[in-house]
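Worksheet: the structure to be examined is printed underneath.
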Amino acid sequence: MPSDQDRVIRQQSVWARRGLAFAVVLGGGLALTPPSAAATGGAPADAAELSALLRELGNPAAAISPGDAAEAHAEFLRRLGEVQNAVRGCDAFLDRYGSSPKVGKVLNQLRKKPGRSLFTSPEIVEDLERAAGKPIDLSQFDLELCVQVRDGRVGTKPGSTKPATFAAINASLGKCRSTLQAIGPNAAGTAILQGLNRGIGDATFTSAARLAALERAVGRDIQLTPGELETCVDAYDVHARLENTFVGDNPPPCTGNEAFCSGISGTVCCSAGEVCISSCVGSTCNAGCQAQWCFPADATVRTESGTTKAMRDVRLGDRLLVAQPDGTLGYEDVYLNSHKDGTSSAPYVTLTLASGRALTLSPRHFIPVAAGADGAWDARIDKGADEVRVGDFVWSTAGEGRMAVDEVVAVATQVAAGAYNPLTMNGTIVVDGVVASAHSDWFLDGLVSANTQAVVYQAVLAPVRAAYHLIGRERMETVTERWGVVDLVREATTPAAGGNGPAWILAALALMVGAGVLVARGRRSAIH
């Protein structure tokens, strides 16, 4: 089990990158040694040729030391080995018990619930053992790896709707590991792999040309197809994410229903609906928990004056582009900033669309999703970002102020800085050209669907919208942000605070509205 310090270091390095852009840790995994006398690929690239290859790949990567490359190579082999053992075990289990109705009933329970990061639980493993009638050679971590490998479509050919079999994934992983063990680490290969990024809208981050560039850098044939290379890196990605999530019983003081979050300041336990974040002031960074309901600081919105504004700069009273109830675009006031945090960083979901647009939002922030490709706005359903899948249809802006359905072509997780959530009058907001909800998980997290939550929260916040109209932008900003009332409301009404009952909600909203009215009356008295 890695130490707390190791876990924080890994978390920062893994969450901050994806695909083949994992810098040293991932890049070194497929970094190769110079060829032996039997190699057929020619001499390794010299410094000038390596620089030219890096420019060709669009990434002027920094030099990698031999020590870093060797450490990363060993890490990659370890992770690939653990994924391979898991998929091999799952394949054997399904081959033996897959036709059992009792086992099938348990496996059908493997669904990721909204606001939860795992498909499995210790109880699921126990249920499988009871259904099989004997202990099984699968841990919860093994089972979770298998499900997330399948859910992440690891090994699936671009354009295919059929997921890869565990046997096929196992074969690719085995080939990668044997190749890596035979040829070892090297800094040139590490640098090349840092340049292999998945671009917006790309179905894959590998190709024959990129594979050839890697082979030219190391001076030999690495005996892997682009698909096999992609399978191995995607498998690494899944393992890296899971190793930073405690699967099974968490260590004290956290329970099995909480996420262990460790930082310099100590250990905290994040409840369902929260994520572990790193919050920095200057050079001092601490870990903490944050509700999953925001946009990152550099997300952009469109104002009525025609300018583009970063989320970090949005203020109460700004009139932002939104989707109207009739399916047209228009502008509405921001009446509340329910979250403004410029010091934190946290994992976000990025949805890449067929149009090339990409929206980054918290896992449990809501987004309208079309019921079908026809894009009927009246038939939309709000979903959490973590419920959106490739092939779903959402809405993005089109020419002449219109919006059009746009297919989701990629879903990824990445770390982003800042956490902001402006609320508009009608409950929608266009961010980076994509239509999103202004709402996200709150006090009904895990109890009802995202679609129901969005309707309820829009209704519950009606008194706050009325208060904004009553007291005006400046006074509303004073009460909600400078006095910290909105922070008090949020903390009092989230499940983590134990304040998820209706009484808390009504009391908190009354506090916000009442404080605003008092400010308004006080100003009027002073005038008269």
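Bear in mind that the values in this text are calculations on the coordinates, not laboratory data. The model shown is predicted, which means the values in this text are computed figures rather than measured ones. Every residue, glycine among them, receives a Cβ derived from its backbone with ideal geometry; neighbour counts consider all protein chains shown.
Before moving on, here are some points about what is shown:
- Per principal axis, descending, Cα span of region 300-443 in whole Å: 38, 31, 31
- The three principal axes of the C-alpha atoms in region 363-439 carry coordinate ranges of 34, 29, 22 Å, sorted with the longest axis first.
- Remark: spin-label model distance Ser160-Gln324 equals 4.7 nm, labels positioned 7 Å along the Cα→Cβ axis.
- Multiplying the residue separation of Arg130 and Ala459 by 0.36 nm and removing their Cα-Cα distance gives an extension gain of 113.8 nm.
- Surrounding net charge for Ala86, when Lys and Arg each add one and Asp and Glu each subtract one, Cβ distance under 10 Å: -3
- Relative exposure of Cys90, Cys232, Cys294, judged by other C-beta atoms within 10 Å (fewest first): Cys90, Cys294, Cys232
- Separation of the Ala373 and Asp137 label points, Cα + 7 Å toward Cβ, nm: 4.5 nm
- Listed by Cβ neighbour count within 10 Å, with the fewest neighbours leading, Asp95, Asp142, Asp318 appear as Asp95, Asp318, Asp142.
- Proxy reagent accessibility, fewest Cβ within 10 Å first, across Glu230, Glu304: Glu304, Glu230
- Label positions at Ser100 and Ala209, each projected 7 Å from the Cα along the C-beta direction, are separated by 5.1 nm.
- Couplings for region 127-133, taken from phi via the Karplus curve 6.51 cos²θ - 1.76 cosθ + 1.60 with θ = phi - 60°, read 5, 5, 5, 5, 5, 7, x Hz in order; Gly and Pro are left as x.
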